């Protein structure tokens, strides 16, 4: 271990830093205590939104653009800038978010002889079991090089038990995979200062408009609740190619007057929505191409704000929701069960408050980001020590 006043260095690799949907990476970086992180990226996006990080990027969006260098990096993984940075920084470890991004890390990990840990989040694992690995070039290479990746990686950090099982089924040695759940900022996401007093219960769905988020099942459950005489207002936060279909479905179901599509919102604006909401719907499903959620960060944030969540028995969601205690869990695609649990919460404000209080306590016990990042840094320490012992390098 280094002296107490010396921070080790981690190269954090995410080729696109940072989509709005990956605020959890931003939060993780903000809570490091014993490591200084340098983000290595192909493209630096949303720099005005995700501030406070040292980012080394081949190009920045919207400017300055380096299209030729970025294209070369995309095709070959080569970047003179990345090499200069690795040479100058003398990193202790490399941490990659998303398995397929690790293909870009491998040349640098091997050249500079560094330990590697990879965080797995969902699509980066399910694609190893889907037809996409044969037909989509970015995943074909990932599939072809998976064994090399498995061999060179010190540890894979799976966001759920399901992802751990899936990566092992793809050929990864079981002793190289641990479940590491992401935390949330409990100081930022807290229950409102005064109890919610909504005359009409407020229901929230948050997520990209893609199949795995299960929005259509949520809309149909809401229609059944309306038909049973329940009053509510449903806000849908997000955007995507399925928007026209969603609007058409809401119209067909006759609930357009109760549904508001907000479009994509900033992380802060989502927090404001959570503070004013009474219930969250999270009807995630395994998509036809195998895509799935691991652990829904926004469901954790809802629970931290004392909002009970109705979710599915899918991915890491059962780790977030304690059925009948902090919210409800139902089978995927079971509209009747979704509607039943929604009606129960809409009709019983005291049950909402009781579950919300328990949900907050569950987050405090298991998902405090300070504790989860400390656990991550312990993983870094262990990986570095193991790597140096294997190569007979002094550990101090």
What nm distance separates the two modelled labels at residue 54 and residue 138, each placed 7 Å from Cα along Cα→Cβ?
-> 2.8
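Give me the extension gain from residue 268 to residue 353: residue separation times 0.36 nm, minus the current Cα-Cα distance, reported in nm with one decimal. Working shown, then result.
Values: separation 85, 0.36 × 85 = 30.60 nm, distance 2.32 nm.
Gain on stretching residue 268 to residue 353: 28.3 nm.
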So if R0 is 56 Å, what FRET efficiency would residue 261 and residue 148 give, r being the distance between their Cβ atoms, rounded to the nearest 0.05?
-> 0.80
Summing -39500 (n - 2.57) over the DSSP H runs of n ≥ 4 in the chain and dividing by its residue number, what mean residue ellipticity at 222 nm do you reach, to the nearest 500 deg cm²/dmol?
-> -12500 deg cm²/dmol
Gyration tensor over alpha-carbon atoms, the chain, equivalent ellipsoid semi-axes in Å | 39, 23, 20
Output row, site residue 210, 7 Å Cα→C-beta label point, backbone N cut-off 15 Å, window the range 267-305, residues 284-298
Paramagnetic label zone (point 7 Å from Cα along Cα-to-C-beta, residue 382; backbone N under 13 Å) in the range 136-165 = 154-158
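Can you classify the range 35-125 as rounded, prolate or oblate using the Cα gyration tensor, where a ≥ b ≥ c are the square roots of its eigenvalues, rounded means a/c under 1.5, and otherwise it's prolate if a/b beats b/c and oblate if not? All intermediate terms of the calculation are to be shown ahead of the outcome.
Values: a/c = 1.29, a/b = 1.22, b/c = 1.06.
Rounded, since a/c falls under 1.5.
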Sorted largest first, extent of the range 202-366 alpha carbons per principal axis (Å) | 41, 36, 31
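Going by a ≥ b ≥ c, the root eigenvalues of the Cα gyration tensor, does the range 272-385 fall in the rounded group (a/c under 1.5), the prolate group (a/b larger than b/c) or the oblate group? Intermediate values should be presented prior to the final figure.
On the way: a/c = 2.68, a/b = 1.44, b/c = 1.86.
Oblate.
Over the range 106-219, calculate the relative contact order: mean separation of alpha carbon pairs under 8 Å at least 6 apart, over the residue count, as a percent. Present the calculation step by step, with values, prior to reporting the outcome.
Values: 89 pairs, mean separation 25.2, N = 114.
Reported relative contact order: 22 percent.
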Protection proxy ranking, peptides 111-122, 369-380, average beta carbon neighbours within 10 Å, highest first = 111-122, 369-380
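Pull out a ≥ b ≥ c, the square roots of the eigenvalues of the alpha-carbon gyration tensor of the range 164-277, then state rounded if a/c is under 1.5, prolate if not and a/b is larger than b/c, and oblate in the remaining case.
Values: a/c = 2.32, a/b = 1.43, b/c = 1.62.
It is oblate, given that a/c is not under 1.5 and a/b is not larger than b/c.
What's the extension gain from residue 275 to residue 344 if we count 0.36 nm per residue and subtract their Cα-Cα distance?
Working: separation 69, 0.36 × 69 = 24.84 nm, distance 2.06 nm.
Gain on stretching residue 275 to residue 344: 22.8 nm.
Between residue 46 and residue 194, what length comes free when the chain is fully extended (0.36 nm per residue of separation minus the Cα-Cα distance, one decimal in nm)? All intermediate terms of the calculation are to be shown ahead of the outcome.
Numbers: separation 148, 0.36 × 148 = 53.28 nm, distance 3.35 nm.
Computed gain between residue 46 and residue 194 is 49.9 nm.
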Helix 243-253 sits at what angle to the longest principal axis of the chain, using alpha carbons and giving 0 to 90 degrees rounded to 10?
-> 20
So, by mean Cβ neighbours within 10 angstrom, what's the order for 163-173, 252-262, 144-154 with the highest one leading?
-> 163-173, 144-154, 252-262
Give me the angle, in degrees from 0 to 90, between the Cα long axis of helix 349-366 and the longest principal axis of the Cα atoms of the chain, rounded to the nearest 10.
-> 10
Estimate the FRET efficiency between residue 161 and residue 247 by the formula 1/(1 + (r/R0)^6), using the beta-carbon distance for r and 30 Å for R0, to the nearest 0.05.
-> 0.25
The range 34-56 residues near the modelled residue 7 label - backbone nitrogen below 19 Å, point 7 Å along Cα→Cβ = 34-41, 50-56
Sorted by Cβ density within 10 Å, fewest first, the residues 326, 140 = 140, 326
Which FRET efficiency value, to the nearest 0.05, is calculated for residue 21 and residue 81 with the Förster distance at 41 angstrom and r the Cβ-Cβ distance?
-> 0.95
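Bear in mind that the values in this text are calculations on the coordinates, not laboratory data. In this text the structure is predicted, and so the values were computed from the model without any measurement. When we count neighbours, we look across all protein chains shown, and the Cβ atoms used for this are built from the backbone with ideal geometry, even at glycine.
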